[in-house]
1. Around A25, under 12 Å between beta carbons, what's the net of Lys plus Arg minus Asp minus Glu among the other residues?
2. Just round it to a whole percent: the fraction of Cα-Cα distances in the range 83-140 exceeding 15 Å.
3. Write down the percent of antiparallel bridges among all DSSP beta bridges whose residues are both part of the chain, to the nearest 5.
4. Of V55, V90, V106, which has the largest mean-square fluctuation in a 10 Å C-alpha GNM of the chain?
5. Could you pull out the trypsin sites (Lys or Arg not before Pro) across the range 73-169 that fall in loop regions by DSSP (anything but H, G, I, E, B) with no more than 12 other Cβ atoms inside 10 Å?
6. Taking the chain as a Gaussian network, where each spring joins two C-alpha atoms under 10 Å apart, which residue of M167, M63, M16 fluctuates the most?
7. From Cα pairs below 8 angstrom and at least 6 apart in sequence, can you work out the relative contact order of the chain, rounded to a whole percent?
8. Could you estimate the translational diffusion coefficient of the range 1-97 from the Stokes-Einstein equation, with Rh from the Kirkwood formula over C-alpha pairs, at 20 °C and 1.002 mPa s, in whole µm²/s?
Amino acid sequence: MAAKPKLWYFHGRGRMESIRWLLAAAGVEFEEEFLETREQYEKLQKDGRLLFGQVPLVEIDGMELTQTRAILSYLAAKYNLHGKDLKETVRIDMYADGTLDLMLMVALAAFKPPEEKEESLALAVKKAKTRYFPVFEKILKDHGEDFLVGNKFSWADIQLLEAILTMEELDASVLSDFPLLKALKARVSNIPAVKKFLQPGSQRKPPTDEKKIEEARKVFKF
Ligand SMILES: N[C@@H](CCC(=O)N[C@@H](CS)C(=O)NCC(=O)O)C(=O)O
């Protein structure tokens, strides 16, 4: 049996959380190595395991992969969460990339000073409501299908569910004007592998707290 994919990152959501989501939704078990000290991170660098000196790092299929979007794209293709052809795949990539941009705003806000952090999170919620969610609501309305692309569960749906849940942590009513996104959220949350990941005790990470942020600062010298 092939070894489980192994993930190296700090013990928080950050850029790795979407990778955890994608693996979990594909029903793939994975191992995690948490970077808690600068030494661990420097060892990965010294050993030449980080292409550009950065994590996320994912070991899979005899490869050591970095660059979040490339990793996600590989996993989506490998686990049949991309489209049936290039045209569907590029739409899935576009939708997922948009959602990743939104998620990065939230991830980066965690590292800002308290006043700026509140402002950045409020801006992310605003962008969710005015830029990203209206687009996805319209896509669902226009084609009338159950999922974003090809009437089939894909990486774009997983990425969107992660974004919806993250935004709801910041503003519980964020979906009030988006009935089709509410329905999509319920539908995707009920897919057995996703349902399992949503249960307490899974490898899903909670919102990154001050302790984890301090840990990450020490590791990456932010
Ligand atoms: N484009 C890269 C950016 C990765 C990145 O910035 N990683 C951070 C941790 S979240 C890091 O390793 N920072 C250390 C550094 O850049 O020296 C990706 O999307 O994976």
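No lab work stands behind these numbers, since they all come straight from the coordinates. Everything quoted here is computed from the prediction, not taken from an experiment. We place every Cβ from the backbone using ideal geometry, glycine too, and count neighbours over all the protein chains shown.
1. Details: positive: R20, K195, K196, R204; negative: D157, E162.
Result for the local shell: +2.
2. Values: 929 of 1653 pairs.
For the range 83-140, the share of Cα pairs beyond 15 Å comes to 56 percent.
3. Working: 8 of 12 bridges.
Restricted to the chain, the bridges split so that about 65 percent are antiparallel.
4. Of V55, V90, V106, the Gaussian network model singles out V90 as fluctuating most.
5. On the way: sites: K78, K84, K87, R91, K117, K126, K127, K129, R131, K138, K141, K152; in loops: K84.
Sparse-neighbourhood loop trypsin sites (Lys or Arg not before Pro): K84.
6. Of the options given, M63 has the highest mean-square fluctuation.
7. Numbers: 267 pairs, mean separation 61.7, N = 222.
For the chain, the relative contact order is 28 percent.
8. Numbers: Rh = 14.2 Å.
The estimated diffusion coefficient comes to 151 µm²/s.
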